[in-house]
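Everything on this sheet refers to the single structure shown next.
The values are calculated or read from the model by the stated rules, or taken from the named source; none is laboratory data. No experiment lies behind these values; they were computed from the predicted model shown. Because the Cβ atoms are built from the backbone with ideal geometry, glycine has one as well, and the counts that use them run over all protein chains shown. The area values use the complete protein model at the heavy-atom level, side chains included, leaving out ligands, DNA and RNA. Shrake-Rupley method; radii C 1.70, N 1.55, O 1.52, S 1.80 Å.
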Amino acid sequence: MNKALKNPTVFILFVLPALILFGMFFIYPIFSSIYLSFTSWNGVSTHMKFIGFDNFTKALGQERFWVSVTNNVYFILFSCLLQVPIIVIFSLLIANVKKLKGLYKTSIFLPSIMSTAVIGILWGFIYEPDIGLLNKILSFFGVGKIYWLSDENYAMLSILITNAWQWTGYYIIMVLAAILSIPKELEEAAAIDGATAFQRATRITLPLITPIISVVIMLSIAGAMKAADIVLVMTNGGPAGSTEVMATYMIRYAITSFKYGYGNTIAVLIFVFTLIVTLIYQLLIARRNERIEY
């Protein structure tokens, strides 16, 4: 078997199917989208007009597009500054649980395997202004009725909380796996030396799981840039476009308005913005945390 794998022909035959699929479903769509972004096309007719950078000029000059970009930035900041610390804290707590650890892991992971449509509808009932659970709880503290999904001041925050609730458990499992892989001898030695639980967590566990936290942040950034389904289910970009994100903005033009060329322009811009953000993160932060040795 080893001799066969050393044969270049055999190696190519093994790799070729994966390369074909990669080219069909990744490389070709990217270049096709880039080409279509320079055209005026409704996605149906055979007539396709090349218009150069007009679509890009139009997108970058529209206020609603920049509102969607801002909302994607909110997704990124909420994930990195609030969600990630919560993920780390809960992971540390669950790692130190002695009983029913499996139950806790299953419970927190459950929202991640649920349909986004189901979660959006579920939280829609929670945010309901008249009979919703959240307003009922707040009414006990004298807080008046809040229209969570129809008020521009609260709609985006409501979506961010719902999205975080859905995916926090998924990332906790990743971080928890990294914590449980740390040799117990390290913490036992620190405990013998008199280190408190807080000191062991901050000076041993956190530095050793920094690479996986970096991965979680990268995945959060990527997820924030492609967020669409939760917005479509909960607000459909409203009220008055205040919760529109780049992906829903793209869908609105490419599918609903039959401006397929312009929709591909937005897709290209999403790709470029995601690439820029991830490169900045990689250069400034992630590269310093690539490798940890026990």
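The share of accessible area on region 183-254 that comes from carbon and sulfur is 63 percent, using a 1.4 angstrom probe. Report summary: the helix-based calculation at 222 nm, which adds -39500 (n - 2.57) for every DSSP H run with n ≥ 4 and divides by the residues of the chain, gives -19500 deg cm²/dmol.
Ordered by solvent-accessible area of protein heavy atoms (1.4 Å probe), largest first, the residues Leu149, Leu93 come out as Leu93, Leu149.
Between Thr39 and Ile51, the built amide H atoms are under 5 Å apart, and every one of these is 5 or more places off in sequence or on another chain.
In the chain, which whole DSSP H runs stretch at least 27 Å along their own axis (Cα) and average -0.5 or higher on the Kyte-Doolittle scale? Don't jump to the answer; show the numbers that get you there.
Working: long enough: 155-180 (38 Å, 1.50); 260-284 (36 Å, 1.73).
Once both thresholds are applied, what remains is 155-180, 260-284.
Between the exposed loop cleavage positions of the chain, defined as GluC sites (Glu not before Pro) in a non-H, G, I, E, B DSSP state with at most 10 neighbouring beta-carbon atoms within 10 angstrom, the longest gap is 1-289.
Shown for the chain: lysine pairs separated by 8 or more places, or found on different chains, whose C-alpha atoms are under 29 Å apart, numbering 12.
Calculate what fraction, in whole %, of the accessible area of region 92-182 sits on carbon and sulfur atoms when a 1.4 Å probe is rolled over the protein chains.
Working: 3600 of 5260 Å².
Ligands and nucleic acids excluded, carbon and sulfur reach 69 percent.
If you filter region 36-110 for trypsin sites (Lys or Arg not before Pro), then keep DSSP loop positions with at most 15 other Cβ within 10 Å, what is left?
Numbers: sites: Lys49, Lys58, Arg64, Lys98, Lys99, Lys101, Lys105; in loops: Lys98, Lys99.
Passing sites in region 36-110 are Lys98, Lys99.
With bins 10 Å wide beginning at 0, the percent of Cα pairs of region 96-144 falling in each bin runs 22, 28, 29, 20, 0. Arg64 sits among other residues whose Cβ lies under 13 Å from its own Cβ, and their net charge, with Lys and Arg +1 and Asp and Glu -1, is 0.
In this structure region 131-288 gives 51 Å² per residue of accessible area when probed at 1.4 Å with all protein chains present. Summary value for the chain: 29 percent relative contact order, contacts being C-alpha pairs under 8 angstrom separated by 6+ residues. Could you point to the label whose value was computed as semi-axes √(5λ) of the Cα gyration tensor in Å for the structure here, given [x] 41, 28, 17; [y] 37, 36, 21; [z] 38, 32, 17? Derived directly from the coordinates: [z].
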